[in-house]
1. Measuring from centroid to centroid over Cα atoms, what is the spacing of the range B:211-231 and the range B:1-76 in Å?
2. If the reach is capped at under 20 angstrom between alpha carbons, list the aspartates and glutamates near residue B:265, excluding any in the same chain fewer than eight residues apart.
3. About the Cα centre of chain A, what is the dipole size in debye to 20, counting +1 per Lys and Arg Cβ and -1 per Asp and Glu Cβ, all else neutral?
4. Compute the Cα gyration tensor for the protein assembly as shown, then decide on rounded, prolate or oblate, letting a ≥ b ≥ c be the square roots of its eigenvalues: rounded whenever a/c is under 1.5, prolate when a/b is larger than b/c in the other cases, and oblate in all that remain.
5. Per DSSP H run of at least 4 residues, take -39500 (n - 2.57); add these up for chain A, divide by its residues and hand me the 222 nm value, nearest 500 deg cm²/dmol.
6. Among the listed pairs B:217/B:276; A:271/A:393; B:201/B:251, which have their C-alpha atoms separated by more than 19 angstrom in this model?
7. Please tell me the relative contact order of chain A in percent, rounded to the nearest whole number, where contacts are Cα pairs under 8 Å and at least six residues apart.
8. For the range A:6-256, what is Rg from Cα atoms divided by 2.2 N^0.38 Å, rounded to two decimals?
Amino acid sequence: MSEFEGKRLVKGNFAASYAARAANVQVVTAFPITPQTLVVEKISELVDSGKMNCEFVRMESEHSVMAGLIGASYAGARTFSATSGQGLLYMAEPVHWAAGTRLPIVMTIASRGIAPPWNIWADFSDIVTQRDSGWLMALLSGHQEIYDSVLMAYKISENPDVMLPYMLAYGGFILSHTSKPIHMPKQSLIDEFLPKIPKLGWDHVFLDPDRPIMHGNLIMPNTTPGYQEFRMKIQLAQLKAKPIIREVAKEFKETFGRDYGNGMVQEYKCKDAEFIMINCGILAKQMENVVDFMRSLGHKVGMLRLRTYRPFPTEDIIDAVKHAKIIGVVDRATAFGSPTGGPISSETMAALHNDPQTKDLRVIPFINGIGGRDVVTQQQKRQFEILMECYDKGELVKNEELMSTTYWTGAMGVK
Amino acid sequence: MTNMKEIKEVPDIDRNLWLPGNATCAGCGLDLSLRWALKALGPRTVLVTPASCLNVVIGVWPKAAPDFPFINMVFAGGAAAATGIYHGLKARGIEDVNVMTYAGDGGTTDIGIQGLSGAAERGTNIIYVCYDNEAYMNTGIQRSSSTPLGAITTTTYFGKQEHKKNLPAIMAAHNIPYVATASVADPLDLYDKFKKAKDIKGLKYIHIYAPCPPGWKIDSERSIEVAKKAITSGMWILYEVENGVFRLTGKSKRYIDPKKRKPIKDYLTIQGRFRKLTDDDFKELEKYRDSLWRQVNKELSFQELEEK
Ligand SMILES: Cc1ncc(C[n+]2csc(CCOP(=O)(O)OP(=O)(O)O)c2C)c(N)n1
Ligand code: SF4
Ligand SMILES: [Mg+2]
């Protein structure tokens, strides 16, 4: 059997590299940053040893990484890169250009805390800075999911109704540098699953001297259709991506047998739950054990893993939590100055408020694991207990972790 | 090198890929340079341009002056985007296309220098052009590191205090296969250099002197005259460095002889941007010009020694 098929013990980062290879990417540009490094080191090794057939360009900065991918994608190639934290911030400007040009670039993010002080551990605050750029975004919770999501991402991004780039984020070190067995499907199955790369480039932008086009030039505010309509089309593509993400997750399950909920969210014992916690990434996986334990004590709890962050899974969340008495939302990221301080909790509140079924549902925000701080199951159990106490008392339970309306689990109080 | 002596000998002289009617100002050096570059390169050319005047003068959407594939790019991304285009096309089996970045002096000598240096060090097979109008023109004539000493800009009210950054020399230090300077005052020399660049593998860097009447405070009809005087005074030197071999070219050849060089005052005083020059500034600029020629002499005599 080839080293690229079947069961293998791999680091989370290598799962991304192997998936990029399996997806037949044609151009990879790269610049190192901890904890992403292994992704591109592996690709470099595979390309140089003739085991991966793609153009691999060692760029001199992340800004050039993304500008390079944009160029390659304009030219009609399937493209891939990976970065983390500061690297993502540094490439912000071309990140937005990629979405504005509707280029189906896929990039994995080994998420890390934003400096200062320097921090290299799991924290989704990095991708939160780019969340409104137009990129599709998923928050991943395991090694296998990293591999599988890269494959799904190309299928979703290259769908003519979507044509948006995709960011796939997973916690630095906790996933990037730990090893777990993953199953890599037969290449022929993957090739069948993935869309064909169009021979003449993408339909909407191409660089072909026989069909010259110009792209990206200045446009006056009142030209219609014009800038405003182009921007509307990005939001429309985000909306259109929702059913496509669900469809691809379903097809993925049918083809490869692995289940990622409906692609947007993944429920864990939510159906009859009275108390539901929304969580993401590896901490959501860990919380499954806590749900089981709480249930063994007789508490009707459940957990909803937010898998897709952009487009925001508004309908999927409403559907999954509308019967709950109260819900909690756990962020592993900060959104300073926002209503709750946590990006997903703030957005969840906004999303629920506009639907008659959930407009009165109380949302308790939690923030934890910032900059990779440990979150143990005891603490997650405590999060459920706080949620239940808040419901019973009808008010927020006072403790050292509560700042304004948000519980900062595992933090010392600050003044 | 072609041996053409007159413009009318240029093949397809009437065919323009960079169309007339674009939005450049009258007398724009950028406009002329691009017209000539495209004549030499022909239609199998893909161009990327970072934020600059060129981003705007191509025409407000949906108008388009380029009759060849043309994309706009973020300000610092000119070289990297061209790099990506080159590799993207290569991955698709397309290798007969000239991939070119056409950037201003700001996009080259300032914000884009990192990306350019990276592409050069990697030996990426693209042509990178800097059209040098010696300031950030698109945003309203602010100084760049390519603005010469003494020039008034909207951020150097009394004239710039520092000398111009010598980017062609920096690019030559990258040991790339081809570095050339050019000027819109010598279109045949410019044309030849693009013809040559087209057939060389690796990163080709061409730095073009491109007057800007509104930015330099000169009358539109005098922009070629100014460009000519830059050469005759020795302030702008036409040369190429091909595989490490330095050569004076075109109209600059005769000015190796210092006696033939015209006074720099002839060049400076016809431009409004230099109206605040002091006597010390003139002296300083003369020294600067002489130092450029000293470098040329050094190169040439070193090569002579090597040949012996
Ligand atoms: C990141 C970024 N910073 C600033 C700008 C604003 N800007 C657009 S063009 C330009 C000046 C360009 O100068 P140059 O490269 O010399 O080209 P020119 O306009 O002179 O032709 C500036 C500062 C921008 N577009 N992007
Ligand atoms: S401002 Fe200067 S560089 Fe820009 S179009 Fe006008 S003349 Fe050309
Ligand atoms: Mg300029």
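1. A separation of 19 Å, based on Cα centres.
2. B:134, B:162, B:219, B:221, B:225, B:257, B:279, B:280, B:281, B:284, B:286, B:290
3. Working: 44 positive and 45 negative charges, 85 e Å.
Dipole size: approximately 400 debye.
4. On the way: a/c = 2.47, a/b = 2.10, b/c = 1.18.
Cα axes put the protein assembly as shown in the prolate bin.
5. Computed mean residue ellipticity for chain A: -12000 deg cm²/dmol.
6. Values: B:217/B:276 13 Å; A:271/A:393 24 Å; B:201/B:251 27 Å.
As for pairs spanning more than 19 Å Cα to Cα, those are A:271/A:393; B:201/B:251.
7. Numbers: 850 pairs, mean separation 62.0, N = 415.
Across chain A, relative contact order equals 15 percent.
8. Values: Rg = 17.4 Å, N = 251, 2.2 N^0.38 = 18.0 Å.
Normalised Rg, Cα atoms only: 0.97.
Computed from the coordinates by the stated procedures, all read-outs in this text should not be read as laboratory data. Here the structure is a predicted model, which means the values were calculated and not measured. Cβ atoms come from the backbone with ideal geometry, glycine included; neighbour counts cover every protein chain shown.
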